[in-house]
Every structure is written in structure tokens, then in C-alpha cells.
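Visitor: To start, I am sharing the structure in question, which I have written as C-alpha cells.
Values in this text are rule-based calculations from the coordinates and carry no lab data. The shown structure was predicted, so the numbers you read here are calculated from the model rather than taken from an experiment.
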Amino acid sequence: MTVVDPLLVTGAKARDLNPLPARLLLFFCRNRVPILSRVMRVLLNCDIYCDLRGRRITLPHPYGIVIHSKTRLGDGVVIMQQVTLGGRVPGVNEAPAIEDGVYIGAGARVLGGVQVGRGAVIGANAVVTRDVPAGATVVGFNRVLRAKKMV
């Protein structure tokens, strides 16, 4: 199995990494097509309201993804199924900032106004409520396993 660095993927290659449902969802979310984007969100059980224009986002399995409207996503971010990027306290309008090249595993939750550094890996079913340094791997509840040196 080959590993693809999402930061090196551009243009047609990035489009080919997303399956058809993900490409349709991203198109309708980026272009704010009212009825069709809502239909895609209902079909895929997704709530994606953040600004995705100009970003290379990969959604290999675009089901059950929830992204807060104030969330900032960098380029080359990979988001797996059942991921939640949102606020921690109701009524407080803070959301995560995800930098370039971050991989977010299936079922992960990134909550509150946290900063996830460039090239970090958020493991499956991890819960992140604190800042994550660049190149770090996070599992469980805010447990940083290692931080690799970023070039």
C-alpha cells in the first residue's frame, strides 16, 4: 500500500482521491447551492458549513462528518468518516483551526478553539480539546504519542 502525501497532491490527482459522493458534497458546499447541498448533506448525514473554497480537502468516506461554520481548514487535510470539528461550550463561538497536511482519523472529535499543527495525525476515535503541535500524533483523550520533526 502506498502512502500519498496530501500536500503533494494537486489538481486532478486530488479530485481523484475523493469518491463521487465526496466530490458532489464538496462542490455543493463550496458553491452554496441551497437545495442540492442540503440534499447531499441529508443523504450523507453531514453538516459541513465552513468555507471550503480554495482548499484541497480529501474525504475518503464522506459519511457523518460535522464541521462547525467557524472552523478553519488548511490545504491537504484528510477527514475520515464520523469526524466532528466543532465547539466545546454551547453559545461560545469558538472552533478548531486545522493547519495543512493534517490527517483526522475515523470518529475523531476536535472540540473548542484548538490549533492542530501542520502534519499532525489525529487517531481514530481520539478526542482533542488542547492544542496539538506540528507533526504530533494524538490518540485517546489528548494523549500525544510522538512529535516528528517538520522540515
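Visitor: If you look at just the Cα atoms of region 85-151, how large are its Rg and its Dmax in Å?
Guide: Here Rg and the maximum Cα pair distance are 11.2, 39 Å.
Visitor: Under 1.5 on a/c is rounded, so check that first for region 48-89, then, if it is not, pick prolate when a/b is larger than b/c and oblate when it is not; a ≥ b ≥ c are the square roots of the alpha carbon gyration tensor eigenvalues.
Guide: Taking the square roots of the gyration eigenvalues as a ≥ b ≥ c, region 48-89 is oblate.
Visitor: Let me make sure I get this right: for the chain, a, b and c are the square roots of the gyration tensor eigenvalues over alpha carbons, sorted descending. Under 1.5 in a/c it's rounded, otherwise prolate if a/b > b/c, else oblate. Which is it?
Guide: In terms of gyration-tensor shape, oblate.
Visitor: Oh, and also: Looking at region 11-143 only, what percent of DSSP beta bridges run antiparallel? Nearest 5 please.
Guide: 5
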